Amino acid sequence: MSTSSASANATSAWLRAPWWDLGCLGFCWVPFYLWVVYGLGLDGQAGTTATPALALATLVALAITYVHRHYTFVLVYGDQGTFSRRAREFVVAPLLVFVVIGLMRALRGTELVAGVSPWMVVLVVVGAWNIWHTVMQRYGILRVYGGKSRGGLEVSAHGKRDLALLWSTVLLVAALVLVFRAETFASHANAARLLRVLRPILEGPLPWVLLGGSASLWAVVFGRWLRHEVRAEVNSRAPRLLFLTSTAALFAVFLVHGPVIGYLCFGVAHALEYVAFVHHFGERKFSRDPTNKGLVARWMRQPWIFGVLLSGLLLLLFLSLREHRKTDVYLVYYMGTSVLHFLFDGWIWKVRTPAVGAHLGVRGAAPSRR
């Protein structure tokens, strides 16, 4: 990236350019959505989901997710600057995570309480952490747009309002799905088992109580957020509001097509926007440090070549492991790398730190000295 383009990017409300922000971040998931719903015919209606088609959609979503998770490890262990900031943690964490998860897998036949096994605890924890992780990534990108827009949107108080808006929306969508779209769980085996557990609760008044409470909470949070958003004096609201619109559209998929299709689309969106974000950040960061000859530095300076190469190699690795996905070793590996991805991302991506914010054009953050 040239000096002039980097300077323009630092003063623009867009992260890179309108076409890139919309196509690679905000709405990168739309082609997958169109393929799943109109290409494969998975509209999410109960009893209409073809198992082979759902299996194919799930396989593609898992492959894309696999690529983005392993990007984190390339960043951490391939860049000396990133690794040195938490060297001890980056060595110790994998040892602890794989030992603990391996032990939980070995004890999967043990009942802890009420039929809950240690492996079920792992599945629930990783699943819940995954939801937190994907929503918080959207929050992080939203805060980048707030930092670039300024006018009051960059302050921590409005960051809290952004966070409250996102999570109150998650609660509202969850309540709406429970009340109006619960039957769509039947299209997936694991979701169907969850539906059987929830059935006694769904037949009572509790879902309606939850819906009323979450709708009221969302209305209060949205009203407060909107009041401050409108007051902000910014040159352009389009980048931030369009990214919010894309997030709202993702949530709408849960309601229109059910939680199974919604979860797949949200997961693909998360993975694709992560890869795009990493390349944008890396290109800006390492173009300012031409003396760095490390693996990641060389790779990031030419994203259109090495990004395609790396993604292709990771996809080949994912496909080569297809016959092993039901083995204990693979399950421990998959769950372990999932946890490490969540953990490492929380350590290396903090927009408020100069080492991250400055390279994204968020004013007020000084460039990293690395």
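The values are calculated or read from the model by the stated rules, or taken from the named source; none is laboratory data. Only a predicted model underlies this, so the values are computations on that prediction, with no experimental measurement involved. Every residue, glycine as well, gets a Cβ built from its backbone with ideal geometry; the counts of neighbours run over all protein chains shown.
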Have a look at ARG352, ARG301 and point out the one that is buried (at least 18 other Cβ atoms within 10 Å of the Cβ), touching a helix residue (DSSP H, G or I) at 6+ places or on another chain (Cβ under 9 Å) and of a type outside the set (A, V, I, L, M, F, W, C). ARG301
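Quick grid of which residues meet (1) farther than 22 Å from TYR66 by Cβ; (2) of a type in the set (A, V, I, L, M, F, W, C); (3) in a helix (DSSP H, G or I):
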{"position": "VAL234", "(1), (2), (3)": "yes, yes, no"}
{"position": "ALA249", "(1), (2), (3)": "yes, yes, yes"}
{"position": "GLY267", "(1), (2), (3)": "no, no, yes"}
{"position": "GLU273", "(1), (2), (3)": "no, no, yes"}
{"position": "ALA276", "(1), (2), (3)": "no, yes, yes"}
Residue check for VAL126: assigned to a helix (DSSP H, G or I) and at pLDDT 90 or above: yes
Which numbered condition in (1) at pLDDT below 90; (2) under 17 Å from the mean Cα position of the chain (by Cα); (3) farther than 22 Å from ALA63 by Cα is the only one that VAL260 fails? (3)
With the structure loaded, tell me whether PHE318 is closer than 25 Å to VAL36 by Cβ, of a type outside the set (D, E, K, R) and surrounded by fewer than 20 Cβ atoms within 10 Å (Cβ to Cβ) or whether it fails that test. yes
The number of residues in segment 201-222 that are outside any helix (DSSP H, G or I) and either small (Gly, Ala, Ser) or surrounded by 12 or more Cβ atoms within 10 Å (Cβ to Cβ) (or both) is 1
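Here's the yes/no breakdown for (1) charged (D, E, K, R); (2) over 24 Å from HIS133 (Cβ atoms); (3) modelled with pLDDT of 95 or more:
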residue	(1), (2), (3)
SER156	no, no, no
ARG161	yes, no, yes
TRP225	no, no, yes
SER246	no, no, yes
LEU255	no, no, no
Go through (1) of a type in the set (Lys, Arg); (2) under 17 Å from TYR77 (Cα atoms); (3) surrounded by 13 or more Cβ atoms within 10 Å (Cβ to Cβ) and name the single condition LYS293 misses. (3)
